[in-house]
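Chemist: Supplied in structure tokens, the structure appears directly below.
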Amino acid sequence: MSRVGKIARRTFLIGSAAIAGGVAFGVYAARQPFDNPNLDDLPEGAASFNPWVIVDSEKVTLIAPHADKGQGIFSAQAALIAEELDIELDQVEVSFGMPDKAYYNRALTEAMAGFPLHDTSPTAERVRGFVGGVVKLAMPMMTTGGSTGVPDSYDKLRQAGATARETLKLAASRQSGVPVAELRTEAGAVILPDGTALPYTALAGLAATLPPVTDVPLRDPKEWRLVGKPMNRLDMVAKSTGTLTYGIDHRAEGMLHAAIKVNPRQGGALKGYDASAAQAMPGVKKIVEITGGVAVVADNTWRAFQAAEAIAFDWGEAPYPAEQAEHWAHLSGIFDDDHLNAEARVEGDVEAAEGEEVRGEYRSPYLAHAPLEPLNATVLVTDDRVDIWAGHQIQMFAEQVVSEITGVDQENVHLHNMFIGGSFGHRLEFDFIRQAAEIANQMRGTPVQLTYSREEDFAHDFPRHITMGRGVAKVKGGRVTALDVQIAGQSVMRSQMGRMGLSLPGPDTQLHEGAWDAPYFNLPNLRVRSYRTEALAPVSSWRAVGAGPNVFIYETLLDEAIHAAGADPLEERIRLMGHDVSVKVLEAVGELASWNGPSAGPGRGRGVAYGFSFGVPVATIVEVAATDAGIRIEKAWVVADVGKVIDPVNLENLAQGGTVFGLGHAINCEITYADGMAEQTNYHAHEGMRMYQCPEIRFKALENGAKIRGFGEPPVPPSAPALGNAIFAATGQRIREMPFNKFIDFL
Amino acid sequence: MRLTVNGTEHEVEVEPEMPLLWVLRDELNITGPKYGCGIAQCGACTVHVDGVAVRSCQLAIGDLAGGEVTTIEGLGQPESLHAVQQAWVEHQVAQCGYCQSGQIMQAASLLDFNPAPTDADIDAAMSGNLCRCGTYPRIRAAVKAAAQKLQGA
């Protein structure tokens, strides 16, 4: 590995650390594409022009490498390729393909460049380009996360379709003698001037002998047939008929089923166990030790679950405070220079600013991801090859983990990525892959499917990080004049990357994300400081990561300040907002909701909140009614600017779902620790939203942003503060801590 | 032990306490019904027994008592969709889709007993089925569309 590779691998380049260190690399090397992995075992007569398109005499295959955990990127990737390839989606096979660095995620590096994503100045873009080049050389990560699937794919996959199309036209030209300029393409065929259609499949053999055409200009969006139009997602029929194979549905000849029990005190030791009763239970084939616990392998998942329950354990202590109150007490004590993560933003002088003070302290709890498909992985280990059937968002790292456990070279470890039944960040973790490999490695030659029980899934859900905020706002003359925001939290990135053996130099930007970069440019005095600890429970990226808690803190404090100033919550936000794209988002949500102030009649209230995350400004208005039986959430209006819409139907689904996700957790979810263990063991205690609580949700997308953005996460952050602000408008009760049901009843 | 699933009779050798869900998934390889919680909190395992929606994670196979089981696979197939499935596709309901087998079986059962449900009826019947992705607004719309389609048929 190159020097830059070693440096970057040890430290993982984030923020300005790499640039300040003066790492140099060749521009030429950074621009070279990776080899096309499809060429390694391409059958005779088949052609692959780039990593995303394969054509043989029978069919056209599109590779859609980003993991699909419900966000719809499988279909979006296929549509982007097919748009330029001039083929219909019912004429192709679409596959996740096999993990390869050719599929590394370039867009993910954008957020590492140290500039807020609304900054598209030449300097910011230049540094992004530089950081992207360094990361590509040092650590080309194939990753689905950070709402980057669409921005990563947008140009790249259309280019893949276009170059494949032009190469097929070249082949048609050679075969027919007609100049390329007189050929056109449609529905999977090259069309000659006389109307003769030469199917791509018939051109594969000849095209395979030609060097692929490169650098084809992309079509104007006005010419698009598929992209930007309402789509039928490719997985929709299968998901509506029970015929889609998720990882948990994988079946193989001779496959056995495994269940585990691992120390519920996360990271604690296995001191001892007695499995004699379990050993004798029906269907049990083998009981094996794994890191921190024990696995039962049986001929049926339920039998494995039952036997695992019958094992008596002696668990070690938790490597973090055992009781929840200690976690909060610890956080309240780190607002000091020793724990300063970053003074992330300073405008004007918040201390010298004049005005009436408004103060608040805010809390955001630990939250489980708890995707409905429990964690699972199927692994078959032989002496010279390993196969893994599992959904994962960092596929090659998963292969590396399994290579280290089994001793099989990574090039012979193959992850077959599966459709994922929800993640919300949990499928970025590696424990379930590691455990399945540890089990299967002790049963070489037999495929073993590890399924977490729901209780095990909750016990080992590295939750959303716990956060405490303190804020001081100042108001004068009917306006907000200053915001001073302090955020203290368990470092999510250090915790998560630490489990991957990576260290993070410098600040964890997630501890102020959504607050430092909120583009209220007309606020004259602003300070955002974050404080970091690593002494608490291990945590992980949870949908929207830092922006979730931080937007709640920021937008609740701002709402309190606006109320104290006597201003209108929407109008004052628009006045403070100096970012044109965001101003339009706020104005549009006001129009959509026919905003007429926070009061909506007796016992009714409306709240507004704005969130900026992953480059997407989102504004949400929530309307509630205070009834005798509790708060009823009646309506929500959501407007977002994603730069360019790929599929308006799926986008609306994500907006509605993200809003439900944000509202549901704000109402009734938290993970708390007692005796070092999560107290919530299943959905009865960490429910989220159910249908009877779900408001009517209207959504509008805008396309004024300079860049195309992903939308898996951005709808989530503003929903919780919009709800809290609506409850205040309806009842006068200000709630500064989630979940809200600790303070007020919901219907 | 004998049971009939989607019109086909099967013979399985399992202890009578084994929940129907795991007989279907691990003994018969019928994987449409999903495991989500194991304690009737999520509804992903919903199937019909003699036409009634039940949580298959809670029904011991020994208590099936000859009941005929229909799973999502038996409701309709990709080339022959049930009206509820058709509505799900038309409304592009699913995100991750993992709960949708159970949602659809619950909705089909609701419409069998109550062909013209009100909004409140739909909320009451469907609130035991958890969707972590939050597709509820689309589920509501799809149930209404399916009701109209079935009534018109």
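Chemist: Just to confirm my filter: which strands (runs of 3 or more DSSP E) fall fully inside segment A:586-702 and include at least 3 residues that are closer than 27 Å to residue B:140 by Cα and charged (D, E, K, R)?
Modeler: The strands (runs of 3 or more DSSP E) meeting that bar are A:630-641, A:696-702.
Chemist: Being without any contact (Cβ under 8 Å) to a residue 12 or more places away in the chain and farther than 20 Å from residue A:554 by Cα: is that true of residue A:685 here?
Modeler: yes
Chemist: Within the group A:714, A:695, A:721, which residue is more than 30 Å from residue A:265 (Cβ to Cβ) and facing another protein chain (nearest Cβ under 9 Å)?
Modeler: Among A:714, A:695, A:721, only A:695 is more than 30 Å from residue A:265 (Cβ to Cβ) and facing another protein chain (nearest Cβ under 9 Å).
Chemist: Quick check on my filter: what residues within segment A:61-76 are crowded, with 24+ Cβ neighbours inside 10 Å and either part of a loop (DSSP other than H, G, I, E, B) or away from chain B (no Cβ under 14 Å) (or both)?
Modeler: Scanning segment A:61-76 gives A:62, A:63, A:64, A:65, A:66, A:67, A:68, A:69, A:70, A:71, A:72.
Chemist: While we're here: Limited to segment B:111-153, what total is found for residues that are more than 9 Å from chain A (Cβ to nearest Cβ), within 23 Å of residue B:78 (Cα to Cα) and without any contact (Cβ under 8 Å) to a residue 40 or more places away in the chain?
Modeler: Number of matching residues: 6.
Chemist: Out of segment A:193-202, which residues are surrounded by fewer than 20 Cβ atoms within 10 Å (Cβ to Cβ) and touching a Gly at 6+ places or on another chain (Cβ under 7 Å)?
Modeler: Matches in segment A:193-202: A:199 only.
Chemist: To continue, here is another question. From the list B:64, B:81, which residue is over 25 Å from residue A:655 (Cα atoms) and out of contact with any strand residue (DSSP E or B) (no Cβ under 9 Å at 6 or more places or on another chain)?
Modeler: B:81
Chemist: Look at segment B:65-81 and say how many of its residues are touching a Leu at 6+ places or on another chain (Cβ under 7 Å) and either facing chain A (nearest Cβ under 9 Å) or modelled with pLDDT under 95 (or both).
Modeler: Number satisfying all stated conditions: 1.
Chemist: Considering only residues of segment A:120-138 that are under 22 Å from the mean Cα position of the chain (by Cα) and charged (D, E, K, R), which is nearest to residue A:579 (Cα to Cα)?
Modeler: The qualifying residue nearest to residue A:579 (Cα to Cα) is A:128.
Chemist: Is there a residue in segment A:467-490 that is closer than 27 Å to residue A:147 by Cα and assigned to a loop (DSSP other than H, G, I, E, B)? Talk me through it step by step, then tell me what you get.
Modeler: Let us first name the residues in segment A:467-490 that are closer than 27 Å to residue A:147 by Cα, namely A:467-469, A:485-490.
Then keep just the ones that are assigned to a loop (DSSP other than H, G, I, E, B); that gives none.
No.
Chemist: Okay, moving on. Taking the residues in segment B:1-18 that are assigned to a strand (DSSP E or B) and out of contact with any Lys or Arg (no Cβ under 8 Å at 6 or more places or on another chain) as candidates, determine which candidate is surrounded by the fewest Cβ atoms within 10 Å (Cβ to Cβ).
Modeler: Per the stated criteria, the residue is B:2.
Chemist: Can you name the condition, by its number, that residue A:302 falls short on among (1) closer than 21 Å to residue A:417 by Cα; (2) facing chain B (nearest Cβ under 8 Å)?
Modeler: Here residue A:302 meets the rest and fails (1).
Chemist: Test of understanding: among A:237, A:190, A:262, which residue is surrounded by fewer than 21 Cβ atoms within 10 Å (Cβ to Cβ) and either modelled with pLDDT of 95 or more or of a type outside the set (A, V, I, L, M) (or both)?
Modeler: A:237
Chemist: Only one of A:671, A:667 is in contact with a Leu (Cβ under 7 Å, 6 or more places away or on another chain) and either of a type outside the set (Gly, Ala, Ser) or modelled with pLDDT of 95 or more (or both); which?
Modeler: Details: A:667 fails: in contact with a Leu (Cβ under 7 Å, 6 or more places away or on another chain).
Unique residue meeting the criteria: A:671.
Chemist: Residue by residue through segment A:299-319, note down the ones that are touching a residue at least 24 places away in the same chain (Cβ under 8 Å) and aromatic (Phe, Trp, Tyr).
Modeler: Correct list: A:305, A:313, A:315.
Chemist: For segment A:296-312, give me each residue that is crowded, with 18+ Cβ neighbours inside 10 Å and either in contact with a strand residue (DSSP E or B) (Cβ under 8 Å, 6 or more places away or on another chain) or under 30 Å from residue A:473 (Cβ atoms) (or both).
Modeler: If the condition is that a residue be crowded, with 18+ Cβ neighbours inside 10 Å and either in contact with a strand residue (DSSP E or B) (Cβ under 8 Å, 6 or more places away or on another chain) or under 30 Å from residue A:473 (Cβ atoms) (or both), then A:296, A:297, A:298, A:300, A:301, A:302, A:303, A:304, A:305, A:307, A:308, A:311 are the ones that fit.
Chemist: Among the residues of segment A:204-223, is any within 14 Å of chain B (Cβ to nearest Cβ) and of a type outside the set (Asp, Glu)?
Modeler: no
Chemist: Another one. Counting only residues that are surrounded by fewer than 24 Cβ atoms within 10 Å (Cβ to Cβ) and under 17 Å from the mean Cα position of the chain (by Cα), which one in segment A:503-542 is farthest from residue A:476 (Cα to Cα)?
Modeler: Checking each candidate, the answer is A:540.
Chemist: Restricting to segment B:1-45, give me the number of residues that are of a type in the set (Val, Ile, Thr), within 15 Å of the chain's Cα centre (by Cα) and under 22 Å from residue B:96 (Cα atoms).
Modeler: Within segment B:1-45, residues that are of a type in the set (Val, Ile, Thr), within 15 Å of the chain's Cα centre (by Cα) and under 22 Å from residue B:96 (Cα atoms) number 2.
Residues checked against (1) within 22 Å of residue A:662 (Cα to Cα); (2) in contact with a Gly (Cβ under 7 Å, 6 or more places away or on another chain):
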| residue | (1), (2) |
| --- | --- |
| A:543 | yes, yes |
| A:564 | no, no |
| A:568 | no, yes |
| A:589 | yes, no |
| A:607 | yes, yes |
| A:628 | no, no |
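Chemist: Same structure again: Show the residue pairs meeting these rules: Cβ distance below 7 Å; 6+ apart or different chains; first residue within segment A:250-275 and on the phi > 0 side of the Ramachandran plot and more than 14 Å from every other protein chain (Cβ to nearest Cβ); second residue surrounded by 15 or more Cβ atoms within 10 Å (Cβ to Cβ) and at pLDDT 95 or above.
Modeler: A:267/A:538
Chemist: Sticking with this structure for a sec: Filter segment B:1-34 down to residues that are within 7 Å of another protein chain (Cβ to nearest Cβ) and hydroxyl-bearing (Ser, Thr, Tyr), then give me how many there are.
Modeler: 1
So that you can scan it fast, the table gives a plain yes or no per residue for (1) under 19 Å from the mean Cα position of the chain (by Cα); (2) part of a loop (DSSP other than H, G, I, E, B); (3) touching a residue at least 12 places away in the same chain (Cβ under 8 Å):
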{"position": "A:144", "(1), (2), (3)": "yes, yes, yes"}
{"position": "A:152", "(1), (2), (3)": "yes, no, yes"}
{"position": "A:157", "(1), (2), (3)": "no, no, yes"}
{"position": "A:160", "(1), (2), (3)": "no, no, yes"}
{"position": "A:166", "(1), (2), (3)": "no, no, yes"}
{"position": "A:171", "(1), (2), (3)": "no, no, yes"}
{"position": "A:174", "(1), (2), (3)": "no, no, yes"}
{"position": "A:190", "(1), (2), (3)": "no, no, yes"}
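Chemist: Confirm whether residue A:247 is out of contact with any Cys (no Cβ under 8 Å at 6 or more places or on another chain) and more than 14 Å from every other protein chain (Cβ to nearest Cβ).
Modeler: Against the criterion (out of contact with any Cys (no Cβ under 8 Å at 6 or more places or on another chain) and more than 14 Å from every other protein chain (Cβ to nearest Cβ)), residue A:247 does not qualify.
The values are calculated or read from the model by the stated rules, or taken from the named source; none is laboratory data. Worth saying up front: this structure is predicted, and the values here are computed from it rather than measured. No Cβ is skipped: glycine too gets one built from the backbone with ideal geometry, and neighbour counts run over all protein chains shown.
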